[in-house]
């Protein structure tokens with residue numbers, strides 16, 4: 001398959017199940033909501049070495065938030081038990097502490113819920129209040145009051161949807177990857193958790209040499225090793241590869257994000273090849289074939 005003269009590899013992305021919590025953060029301005037959201041999703045690129053995977057899903061206009069203020073939605077993804085711990089810690093340390101913020105449940109129709117009890121910080125001065133038809137806790141703090149819901153819906157999601165943007169040089173591949181992330185940002189229910197949404201150091205499961213490593217460099221996709229490894233996946237003329245990794249609330253959303261990202265990347269001059277990462281089923285049960293996704 002080719003799109004805009006760019007070859008789309010006949011392969012698939014291998015993804016794995018996760019649990020997802022969606023949190024709506026509001027503030028007096030969109031900028032302050034974004035600052036809190038950025039802090040709350042820090043050190044959350046990969047489950048390999050981070051306590052969770054998290055990212056900013058997108059902006060929410062004031063007309064669509066419970067308290068009528070500008071908002072930002074974030075997704076936090078992890079195993080079920082760890083997810084609750086991460087939501088509690090990130091809201092307590094990164095949102096409660098941020099100027100003018102409030103938090104609300106972003107998945108109101110979820111069958112399963114977690115309790116995020118931050119009101120004890122009020123040391124007995126906290127009280128309950130209804131905001132936008134939602135039961136919230138109010139905590140007196142130095143700036144005035146912090147308002148937040150304490151019951152958040154969680155759903156079974158998909159983590160690790162991916163594709164590789166391959167370019168004739170580093171800048172063409174990078175610009176193609178940036179275009180992909182910008183397109184994915186418009187797909188609801190998805191995030192790209194790595195820095196700027198782009199992975200420069202894609203990995204494989206485990207290590208061939210160092211058995212204590214849970215993951216290591218994916219040498220088959222390293223351009224500088226094209227002539228050194230016998231099973232290189234780098235086509236001739238490719239000098240750089242960037243991986244886009246996508247987490248989402250369900251398989252359909254991740255597939256839509258993959259398609260949107262690929263279609264944006266192939267419009268960039270110098271992008272020559274699109275592929276994806278998989279490990280023969282050792283990573284997860286979701287098999288997202290590029291040709292079918294497109």
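List of remarks:
- Filter pass, residue 240 being in contact with a helix residue (DSSP H, G or I) (Cβ under 9 Å, 6 or more places away or on another chain), in contact (Cβ under 8 Å) with a residue 40 or more places away in the chain and not assigned by TED's automatic domain parsing to the domain that holds residue 45: yes
- Members of the range 43-72 that are part of a loop (DSSP other than H, G, I, E, B), closer than 19 Å to residue 27 by Cα and in contact (Cβ under 8 Å) with a residue 60 or more places away in the chain: 65, 66, 67, 68
- Residue 259 vs. criteria surrounded by fewer than 22 Cβ atoms within 10 Å (Cβ to Cβ) and free of Cβ contacts under 8 Å to residues at least 12 places away in the same chain: no
- Sole exception among (1) surrounded by fewer than 19 Cβ atoms within 10 Å (Cβ to Cβ); (2) at pLDDT 95 or above for residue 238, by number: (1)
- Enumerated strands (runs of 3 or more DSSP E) restricted to the range 73-190, each holding at least 3 residues that are in the same structural domain as residue 266 (by TED's automatic domain parsing) and buried (at least 19 other Cβ atoms within 10 Å of the Cβ): 151-167
- Filtering 40, 36 for residues that are buried (at least 21 other Cβ atoms within 10 Å of the Cβ), over 18 Å from residue 156 (Cα atoms), more than 13 Å from the chain's Cα centre (by Cα) and touching a residue at least 40 places away in the same chain (Cβ under 8 Å) leaves a single hit, 36.
The values are calculated or read from the model by the stated rules, or taken from the named source; none is laboratory data. Computed from a predicted model, the values in this text were never measured in an experiment. Quick reminder, even Gly has a Cβ in these numbers, built from the backbone with ideal geometry, and neighbours come from all protein chains shown.
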